[in-house]
Structure formats: C-alpha cells, structure tokens
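The values are calculated or read from the model by the stated rules, or taken from the named source; none is laboratory data. Predicted model, so just to flag it, every value in this text is computed and none were measured. Cβ placement follows ideal geometry from the backbone for every residue including glycine, while neighbour counts extend to all protein chains displayed.
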C-alpha cells in the first residue's frame, strides 16, 4: 500500500463548501489552528466589516465558522476572511470563531459585539 496522500484532496464541489462524504482511505485532513483574528471586537451600530483569521493549515476549501454558522470564506495571502453583516446584530455579546477543514475544527476564538454608546445612532441617522 502506498503512503497516505497529502491534503488537500482535490474534489469538485458546489456551495456550501462542506461535504459529508467519507474521504478515501489514506487521506488525512490537517486540523486548522487560529493564532489571531482581526478585528477582535466591533460596536453595535458600526458599519459591516471584514473579519480576517490568521493561523495554520488553511486551504482554499477551509470555512470560517462564525457564531456557529458556516460563512462564505476567502483565502488570500495565507489568511482567511469573511464578512460580518452588522445589520443582523442587534445586541452586545460574545460569539465564537473557528475554522473547519472538512471534519477537522480549529480552536475557538472570541469575537465581541460591544454595546453602542447611548448617544450614538446607527450610520449617522
């Protein structure tokens, strides 16, 4: 038998980016690891922004999991990114950020939604 195949294992898939098929025997999926995210917090009422995730074992098919939801994810310059749509966040709180490579999931990192100051209105309204 030959040595284990290197990941990523090339498969053509459509959205969403997750696949529930078993991998061929001998294919191992490396576990991703988050070293940092930017930004780490945002204030309710701020404009939507892009979240950047830095770490190891990221691939074109890696998926950012934000607040328990798989998000559309882009890989560029070794970093992953996704958009944070501030129109869907209405209160302060902390959510978890992770990265998935198929069945392998990274460590979780906190992202904080801060309460808006009482005198602040959304987008200048």
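List of remarks:
- Listed by first and then second residue, the pairs with beta-carbon distance under 8 Å, at least 6 apart or on different chains, first residue in region 88-104 and in contact (Cβ under 8 Å) with a residue 12 or more places away in the chain and on the phi > 0 side of the Ramachandran plot, second outside any loop (DSSP other than H, G, I, E, B) and surrounded by 15 or more Cβ atoms within 10 Å (Cβ to Cβ), are 93/113.
- Looking only at region 103-118, and only at residues there that are crowded, with 18+ Cβ neighbours inside 10 Å and over 15 Å from residue 33 (Cβ atoms), the one that is farthest from the chain's Cα centre (by Cα): 113
- Residue-level check: of (1) closer than 26 Å to residue 28 by Cα; (2) surrounded by 11 or more Cβ atoms within 10 Å (Cβ to Cβ); (3) under 14 Å from the mean Cα position of the chain (by Cα), residue 68 misses just (2).
- Total residues in region 82-102 satisfying the condition of being within 18 Å of residue 42 (Cα to Cα), modelled with pLDDT under 95, surrounded by 13 or more Cβ atoms within 10 Å (Cβ to Cβ) and out of contact with any strand residue (DSSP E or B) (no Cβ under 6 Å at 6 or more places or on another chain): the figure is 1.
- Meets criteria (in contact (Cβ under 8 Å) with a residue 12 or more places away in the chain and out of contact with any helix residue (DSSP H, G or I) (no Cβ under 7 Å at 6 or more places or on another chain)) for residue 67: yes
- Being out of contact with any helix residue (DSSP H, G or I) (no Cβ under 7 Å at 6 or more places or on another chain) and in contact (Cβ under 8 Å) with a residue 40 or more places away in the chain is true of residue 43.
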